[in-house]
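Visitor: I'd like to ask you about the structure that follows.
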Amino acid sequence: MPVRVVLPADPVLGHPEQEVVARLWRRRQTEAGWLYLVGLPSYRDLEDGGVAAAEYRVWVRAPDHVRPVDGVDYDQVATEHLSPAPTSMVHEVLGERRPSGWVLAKVREGRGPARGVLHAPDCEEAPAGAPLLGVEQALNVAENPGTRLCTLCGCAQELTPMLRGFDHIQDA
């Protein structure tokens, strides 16, 4: 199938970007987009000193370097579609991951320092619309004596080893 290939400009020689008609051999879908295997017309040297028409095949990015030729149906071009990413064994066993981060539910009990409870964002007890804390922020908040770590959502099980060290797990 004919296809237009965009050749890059060459500022050294003063050539602008050009389009040439080439042959489209294959299409391949990748995670980064589409690649097209095109055959560009060229020449090659023969052993007897002559020159013969040839084809230079190269993969180029579409649509950056390839344009369709008006009226050409590309449905018959060999096409490799991106296969879905395989499901990892971890995902199969553990299921969907919960959202990362933690949220702080502030609790005021009369006078004195503010108190709070750290939760996972999907915890039933987590406040709606609370800002999401990264691990470093959550650890800083967790070090405050007025902060509890929720045991319902597993926040305590996740952050305690980072606060007290992993040896603490066996002591308990």
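The values are calculated or read from the model by the stated rules, or taken from the named source; none is laboratory data. Computed from a predicted structure; not experimentally measured. As a convention, Cβ positions derive from the backbone with ideal geometry for all residues, glycine included, and neighbour counts pool all protein chains shown. SASA here: full protein model, heavy atoms, side chains in, ligands and nucleic acids out. Shrake-Rupley method; radii C 1.70, N 1.55, O 1.52, S 1.80 Å.
Visitor: If you place +1 on the Cβ of every Lys and Arg and -1 on the Cβ of every Asp and Glu, how big does the dipole about the Cα centre of the stretch 1-53 come out, in debye to the nearest 20?
Guide: Details: 6 positive and 7 negative charges, 83 e Å.
It works out to roughly 400 debye.
Visitor: Show me the ranking of peptides 131-137, 143-149 by mean Cβ neighbours inside 10 Å, starting with the highest.
Guide: 143-149, 131-137
Visitor: Still on this structure, please answer the following. Would you mind working out the accessible area per residue for the chain, using a 1.4 Å probe, and quoting it in Å²?
Guide: Numbers: 12730 Å² over 172 residues.
With the other protein chains kept in place, the chain gives 74 Å² per residue.
Visitor: Still on this structure, please answer the following. 5 Å is the cut-off here: which amide hydrogens, built 1.01 Å from N in the peptide plane, fall below it relative to LEU7, excluding neighbours closer than 5 in sequence?
Guide: GLN18, GLU19, VAL20
Visitor: Return the loop-located GluC sites (Glu not before Pro) in the stretch 6-89 (DSSP other than H, G, I, E, B) with at most 16 other Cβ atoms within 10 Å of their own Cβ; answer none if there are none. Spell out each step's value before the answer.
Guide: Values: sites: GLU17, GLU19, GLU31, GLU47, GLU55, GLU80; in loops: GLU17, GLU31, GLU47.
Here the sparse-neighbourhood loop sites are GLU17, GLU31, GLU47.
Visitor: Which ³J(HN,Hα) values, rounded to whole Hz and listed in residue order, are derived for the stretch 70-79 from phi using the Karplus coefficients 6.51, -1.76 and 1.60 in 6.51 cos²θ - 1.76 cosθ + 1.60 with θ = phi - 60°, glycine and proline given as x?
Guide: So the J values, rounded to whole Hz, are 3, x, 9, 9, 9, 5, 8, 6, 4, 10.
Visitor: From the phi angles alone, apply the Karplus equation (6.51, -1.76, 1.60; θ = phi - 60°) to the stretch 134-147 and give each ³J(HN,Hα) in whole Hz, x where the residue is Gly or Pro.
Guide: x, 4, 5, 5, 4, 5, 4, 5, 5, 6, 5, x, x, 9
Visitor: Given the chain reduced to its alpha-carbon atoms as identical point scatterers, what log10 I(q)/I(0) does the Debye formula return at q = 0.09, 0.10, 0.16, 0.20 Å⁻¹?
Guide: -0.63, -0.66, -0.99, -1.28
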